[in-house]
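Here the structure is laid out as structure tokens; the discussion comes afterwards.
The values are calculated or read from the model by the stated rules, or taken from the named source; none is laboratory data. Everything numeric in this text was worked out from a predicted model, so none of it was measured. We place every Cβ from the backbone using ideal geometry, glycine too, and count neighbours over all the protein chains shown. Note: accessible area is taken over every heavy atom of the protein model, side chains too, but ligands, DNA and RNA are not part of it. Shrake-Rupley method; radii C 1.70, N 1.55, O 1.52, S 1.80 Å.
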Amino acid sequence: MRVGKNFLRRSSPFADLPSAAIEALAAKLVSVRFESGEELLHEGARGDDAYLIRDGEVEVLHGGRTLATLGPGAFVGEVSALTGSSRTATVRARTAVSAFRLSGDDVRPIVRKHADLVARLEGTMQSRHIPRRSGTAVVSPAPDDPTAVILRDDASGAYLRLTKEALAIFEDIDGERTLRDLALAQFQRTRALDPAGVFETVATLQAAGLVTAPRIASDEPDARLLRLADIVLAPRLELHDADRTAAVLHRVFGWAFTRGGATVAGTLGVGLGGIVVAFVGLLLAGIGHETAHAIATKAEGRRVGRAGIGLLWFTPVVYVDTSDAWLISRRARVRVNAAGPLFNFAFAGLWGIVALLASAEVRDLAIWLAAANKVSVAFNLSPLLEFDGYYVLEDLTNVNALRRKSLRFVFRDLVASPRLPEGRREVGFIAYAAAALGYVLAMSLVVLAGVPALVTGVLGGRVDPLVVPVVGGVLALVLAGLLLGPFVAEVVAARAMGGGAAD
């Protein structure tokens, strides 16, 4: 056991683990030997044993082709041990080899307790990983941008916008090439050595479910617990393919999705329904909002994917997949994205008219529904939040990932090399980043000033006067943190990110 502990501390990927974890892992090591030419692992076989090489050399082969030669300190078989998948390659001894064997059942519980180790091992797995395509992706030209394409998989509903350079990387993924091979192929094609950009593109494809990736498997009890939490906190009913329903609705209400219909909706929205009382009626407003997006998508001749209704932290949520609208022109996408807020604007006006004409009991309900829809319009049309208004602005400016690119330009590029902006695009990036920062700061100040006063009005006279300002201050700080925290995280991520072929 002492030999095992010394090896783990000195020559293994586990060297940074705490002493207690090293000792627990060392107790599981089994010393083994292999003669030259003997296989440690066989491609395609099942099994979860992994090996830490102590002495000698092994070669890693895939399809009979040598991928790498590894020596002391190497960890082989970790993909199967940590993910539960079959062997992705054959490992054969080139010389006499001595090694320590670990079973997946022994190593997985220790690994999962240490996030840094998980990240390091997954990085190692992916550097030797042979990506494979998932599903049946179809390539379509991106409207209004001859340098980009849309990669879509109708079965999974995945849509991904790629540059032509990123598409070439995707087409190189043939189930035979490792990430290293993909980087070399990209170098031969472009004469630019950018392995990080290639890895980032593959990671983007993996996140979209279009390419496989090895991941350290979770414990089954944890997976069951997560599924149970999802059912309790986010229950939902869903239509897997809502296109037929949207087509029926389009035949009935399609007349409203014309220039005349938009004019009527705008006219209805300017009324007494503009009183913002409270944010209720979310469900009714959400159904109408998403239905408007779906009908507008059908009006542009595209299909609608899945649609559903559920609860998120006990708040009603409605959603419709209109990703197929990526394949229409920018102007048409503006109409699709604006359809939801325009519905809420008109709906608020209708409820305002009801409030004007109805009795007191109905009037209160009508005012609340009008308020819900007007608040929905305010949120969705804000170009500083990534809702409908943001995507309308992206299409109007013809800049995808506008928020990310603006923050990256201002907080990374200009900070690293201060200079005057060149052209309207860079001026626009500065303006957007400044507006986003101003919005977050202004809203944070409103929260810090308004929440304590609101708490005082609600709790004043009901609880100890010494407690009220404490509750108000803590609540204001928490809410301000929820506003500032994500923005700061975005800026940090923008400063760290590279350009990438999938930008």
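Gln126 meets each of the listed conditions (1) modelled with pLDDT under 65; (2) surrounded by fewer than 19 Cβ atoms within 10 Å (Cβ to Cβ) apart from (2). The residue list Glu176, Glu200, Glu165 contains one member that is under 26 Å from Arg65 (Cα atoms) and under 23 Å from the mean Cα position of the chain (by Cα), which is Glu200. Checking each residue in the range 175-189 for being open to solvent by 20 Å² or more (accessible area, probe 1.4 Å) and either among the hydroxyl-bearing types (Ser, Thr, Tyr) or in contact (Cβ under 8 Å) with a residue 24 or more places away in the chain (or both) picks out Glu176, Arg177, Arg180. Take Gly254 and decide whether it is at pLDDT 75 or above and not in a helix (DSSP H, G or I). So Gly254 does not fit the description; no.
Among the residues of the range 195-209, those identified as touching a residue at least 40 places away in the same chain (Cβ under 8 Å) and either open to solvent by 10 Å² or more (accessible area, probe 1.4 Å) or within 15 Å of Gly135 (Cβ to Cβ) (or both) are Ala196, Phe199, Glu200, Thr204, Leu205, Gln206, Ala208, Gly209.
Examine the range 101-111 for a residue that is closer than 30 Å to Gly305 by Cβ, modelled with pLDDT of 70 or more and open to solvent by 30 Å² or more (accessible area, probe 1.4 Å), and state whether such a residue exists.
Taking the range 101-111 first, the residues closer than 30 Å to Gly305 by Cβ are none.
No, the range 101-111 has no match at all.
When Val440 is tested against (1) under 30 Å from Ile328 (Cβ atoms); (2) under 30 Å from the mean Cα position of the chain (by Cα), only condition (1) is not met. Per the listing Val97, Val60, the residue uniquely of a type in the set (A, V, I, L, M), surrounded by 16 or more Cβ atoms within 10 Å (Cβ to Cβ), at pLDDT 80 or above and over 20 Å from Gly175 (Cβ atoms) is Val97. Of the residues Tyr391, Tyr439, Tyr432, the single one that is assigned to a helix (DSSP H, G or I) and open to solvent by less than 60 Å² (accessible area, probe 1.4 Å) is Tyr432.
For the residues Gly288, Gly261, Gly266, Gly273, the requirement of being out of contact with any Pro (no Cβ under 7 Å at 6 or more places or on another chain), at pLDDT below 60 and in a helix (DSSP H, G or I) singles out Gly273. Restricting attention to the range 1-53, the residues that are open to solvent by 70 Å² or more (accessible area, probe 1.4 Å), among the β-branched types (Val, Ile, Thr) and either under 17 Å from Gly77 (Cα atoms) or modelled with pLDDT of 85 or more (or both) add up to 0.
From the list Val446, Val488, Val470, Val474, the one residue that fits, being modelled with pLDDT of 85 or more, within 18 Å of the chain's Cα centre (by Cα) and on the phi < 0 side of the Ramachandran plot, is Val488.
Is it true that some residue in the range 69-88 is modelled with pLDDT under 80 and part of a strand (DSSP E or B)? Checking the range 69-88: at least one residue is modelled with pLDDT under 80 and part of a strand (DSSP E or B). On the stretch given as the range 333-365, residues that are more than 36 Å from the chain's Cα centre (by Cα) and free of Cβ contacts under 8 Å to residues at least 60 places away in the same chain total 10. Whenever a residue of the range 42-63 is among the hydroxyl-bearing types (Ser, Thr, Tyr), its partners that are at pLDDT 85 or above, lying with C-beta atoms within less than 8 angstrom and at least six residues away or across chains, give the pairs Tyr51/Val32; Tyr51/Leu40; Tyr51/Leu41; Tyr51/Val91; Tyr51/Ala99; Tyr51/Phe100; Tyr51/Arg101. I'd like the full set of residues that are among the polar types (S, T, N, Q) and within 12 Å of Arg94 (Cβ to Cβ), limited to the range 19-61. Once the filter is applied, which keeps residues that are among the polar types (S, T, N, Q) and within 12 Å of Arg94 (Cβ to Cβ), the range 19-61 yields only Ser36. The residues on offer are Asp230, Asp324, and the sole one that is at pLDDT below 75, within 21 Å of the chain's Cα centre (by Cα) and charged (D, E, K, R) is Asp230.
Flag set for Val470, criterion: without any contact (Cβ under 8 Å) to a residue 24 or more places away in the chain and in a helix (DSSP H, G or I). If you go through the range 442-457 and pick out every residue that is free of Cβ contacts under 8 Å to residues at least 40 places away in the same chain, within 28 Å of Leu385 (Cβ to Cβ) and open to solvent by less than 80 Å² (accessible area, probe 1.4 Å), you end up with 10.
Rundown of residues vs (1) farther than 22 Å from Gly389 by Cβ; (2) in contact with a Phe, Trp or Tyr (Cβ under 8 Å, 6 or more places away or on another chain); (3) open to solvent by less than 20 Å² (accessible area, probe 1.4 Å), yes/no style:
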| residue | (1), (2), (3) |
| --- | --- |
| Ile328 | no, no, yes |
| Arg331 | no, no, no |
| Ala338 | no, no, no |
| Phe343 | no, no, no |
| Ile353 | yes, no, no |
| Leu365 | yes, no, no |
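Taking the range 416-433, which residues are among the hydrophobic types (A, V, I, L, M, F, W, C) and closer than 16 Å to Leu385 by Cβ? Listed by number, the list holds a single entry, Ala433.
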